[in-house]
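A.B. asks: One structure, pasted below without further comment.
The values are calculated or read from the model by the stated rules, or taken from the named source; none is laboratory data. None of these values were measured; they are calculated from a predicted model. In this analysis, Cβ positions are derived from the backbone assuming ideal geometry, glycine residues included, and neighbour counts consider all displayed protein chains.
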Amino acid sequence: MNYGLGLSEKKKARERRNRFFKFLFYVLLLGGAGVYGYFEGQSEGDHRFATSQDQREILAKEVTQLKEKTRSAMDKQSAALTEARSWRDKFENEIPKGELLEILELIKVRMDDGLDAVRLKNLISLAQNTKNCDLKPEVKRFIINTPIFTQAENSISLGGGTVTVTGNGVSSVNAEEKPEAWYNPEKPISVIFTKLGGSTETVSGNLPIHKSVVFGTDEFRFSILKGKQSFASISVTRCDFP
């Protein structure tokens with residue numbers, strides 16, 4: 001009986017050892033799995049860190065390139081603005097304006113009308129600020145035509161018959177609102193200058209009226225003022241031209 005108990009104790013001891021070794025095996029297995037997982041996770045983390053580091057370097061390079069492109073674009077824009085300002089200043093300084101522009105436009109008009117360029121250049125070269133004019137102007141008076149009273153004799157000749165002057169105006173109105181034969185000097189009139197040969201120039205406006213007429217080498221400067229009823233006073237001064 002003691003022998004049977006001894007075998008039973010040995011069997012139980014063996015089972016306890018087996019359970020212990022199984023437990024130890026499972027512990028080692030779990031520990032190994034944990035260690036493997038740890039190192040595998042660390043390797044993955046290192047890989048991800050290296051990848052993110054590479055991405056940061058790539059992004060840093062791209063940012064640097066973008067900055068360089070932006071700086072280059074700004075430099076080009078600045079150069080373009082500088083050139084644009086230069087052209088604007090050149091345009092403002094070299095393009096004629098004011099009286100010079102008016103003179104150039106007048107020259108173009110006269111040349112388009114057929115005026116010889118050589119004659120035009122000669123006239124410009126002969127022009128001067130001082131004028132050689134007659135000391136005493138010629139003064140006359142003439143009747144201003146109206147719709148009620150118009151006669152051919154109302155014209156006058158001046159400058160030795162070089163220029164004939166005719167005036168047309170608006171009739172004055174009496175207290176009964178009826179038109180009179182004489183003109184209203186407060187209203188605009190039209191004055192026609194007819195050169196010897198038939199060419200005419202017309203000037204309209206309120207009195208006084210001033211007009212210069214060139215005929216050959218003479219310039220006639222007219223001044224027309226209000227005169228007595230029906231009349232206007234006209235004076236003309238002859239000057240050398242140009």
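A.B. asks: How about region 118-140: which of its residues are modelled with pLDDT of 85 or more and under 37 Å from the mean Cα position of the chain (by Cα)?
C.D. replies: Across region 118-140, there are no qualifying residues.
A.B. asks: Among the listed residues PHE231, PHE193, which satisfies the condition of being of a type in the set (A, V, I, L, M, F, W, C), in contact (Cβ under 8 Å) with a residue 60 or more places away in the chain and surrounded by 13 or more Cβ atoms within 10 Å (Cβ to Cβ)?
C.D. replies: Only one candidate passes the filter, namely PHE231.
A.B. asks: Yes or no: GLU57 of a type in the set (Asp, Glu), within 30 Å of GLY216 (Cα to Cα) and at pLDDT 75 or above?
C.D. replies: No.
A.B. asks: Considering only region 163-190, how many residues are closer than 13 Å to LEU207 by Cβ and crowded, with 19+ Cβ neighbours inside 10 Å?
C.D. replies: 5
A.B. asks: Only one of (1) surrounded by fewer than 17 Cβ atoms within 10 Å (Cβ to Cβ); (2) under 48 Å from the mean Cα position of the chain (by Cα); (3) polar (S, T, N, Q); (4) farther than 24 Å from LEU106 by Cα is not met by THR150, so which one is it?
C.D. replies: (2)
A.B. asks: I'd like to check which strands (runs of 3 or more DSSP E) are fully inside region 77-190 and have at least 3 residues that are touching a residue at least 12 places away in the same chain (Cβ under 8 Å), of a type in the set (Lys, Arg) and not assigned by TED's automatic domain parsing to the domain that holds SER233.
C.D. replies: In region 77-190, no matching strands (runs of 3 or more DSSP E) lie anywhere.
A.B. asks: Is there a residue being outside any strand (DSSP E or B), among the basic types (Lys, Arg) and not assigned by TED's automatic domain parsing to the domain that holds ASN122 anywhere in region 206-224?
C.D. replies: The answer is no, given that none of the residues of region 206-224 is outside any strand (DSSP E or B), among the basic types (Lys, Arg) and not assigned by TED's automatic domain parsing to the domain that holds ASN122.
A.B. asks: From (1) polar (S, T, N, Q); (2) farther than 30 Å from LEU120 by Cβ; (3) not in a loop (DSSP other than H, G, I, E, B), pick out the condition that doesn't hold for GLN229.
C.D. replies: GLN229 satisfies every listed condition except (3).
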